[in-house]
Every structure is written in C-alpha cells, then in structure tokens.
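Note sheet for the following structure.
What follows draws every value from the coordinates through simple rules; no lab data is involved. Only a predicted model underlies this, so the values are computations on that prediction, with no experimental measurement involved. Cβ placement follows ideal geometry from the backbone for every residue including glycine, while neighbour counts extend to all protein chains displayed.
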Amino acid sequence: MPQLDRIIVFSQIFWLVLIFSIFYAILTHYFLPKFLKSLKIRKQVIDLNTKKILKKTEETLNKQKLLIKILVKNLETTSSLLVCYFGQLVKGNKRVDTLMIDQKISFVILNTIKFCDLKLLNSIFVYPKSFKFKD
C-alpha cells in the first residue's frame, strides 16, 4: 500500500511538524501578544469605568443624604413655625404675619419638586391661604 510506504510517511511527518511549528511560532510571536494586549486594555477600561461608576454613585448618594438632611431640617422648621403660630391663627382672628411660613413652605416645596421623588412630594400637605380654620 503506497500510503504506508516508509519513505512517504517520514517526509509527510517532517513537513507536518515543520509547518505546524512555524505556524505555532508565528501565532505565539505576532498574534498572541496583540490579542493579550487587547484583552488587557479591555479589562483596564472596564475597571476604570467601574471605578468611575462607583465614585459617581457614592457622590450621588452623599448628595441625596445631604439633601434629605436639608429637607428634614426645613420641614422641622416649618412644622415648628406652624405649631407656634397655629394656635394664634385658629383662636383669634388676628392678622398674623405668615410671610415667613409661606416662604419656608415654598422653599421646601421648590426643593422637593426639583430634587426629590413623588413619594416625598405627596407626603407634604399644602393648604391654600384662603382656607379658613373654624373652632
């Protein structure tokens, strides 16, 4: 059988080893470093983007916490002013200067509309000035 002839088999094995060795050397010397460099750059880009995202998330959470503190402080101030003047408004029909209360309420509502979600906005009850309290 000619395919099992010793002369043909050894030359085919020689050329097979030589061609695959050259092919392997070319791949590992030229293409593998470019491929690994590409993977390394992609990993660095992903890591950098992840760090930026975490930093932005932390900054946003800190700003939200600060905003919530400011809103709570303003709501407490408004609540204390309303409690302080509510008795005077209900008992006597005296003209009480409600300008400061209106300014605080409008400031809180403005900040709430700009920076907060709908749940917090719905939790603030706003009554018109013309609403008359009766005993």
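Using a simple spin-label model with pseudo-atoms 7 Å out from Cα toward Cβ, Leu16 and Val72 lie 7.7 nm apart. Rounded to the nearest Hz, the phi-derived 3J(HN,Hα) couplings of the stretch 74-83 under the Karplus curve 6.51 cos²θ - 1.76 cosθ + 1.60 (θ = phi - 60°) are 5, 5, 5, 4, 5, 4, 5, 5, 5, 5, where x marks glycine and proline.
The 3J(HN,Hα) values that the Karplus relation (6.51, -1.76, 1.60; θ = phi - 60°) gives for the stretch 11-27 are, in residue order, 5, 5, 5, 4, 5, 4, 5, 5, 5, 5, 5, 5, 4, 5, 5, 5, 4 Hz. Gly and Pro appear as x. 3J(HN,Hα) along the stretch 51-65: 4, 5, 5, 5, 5, 5, 5, 5, 4, 5, 5, 5, 5, 5, 4 Hz, from the Karplus curve 6.51 cos²θ - 1.76 cosθ + 1.60 with θ = phi - 60°, whole Hz, x for Gly and Pro. Extension gain for the segment Tyr30 to Val9, taken as residue separation times 0.36 nm less the Cα-Cα distance, is 4.4 nm to one decimal.
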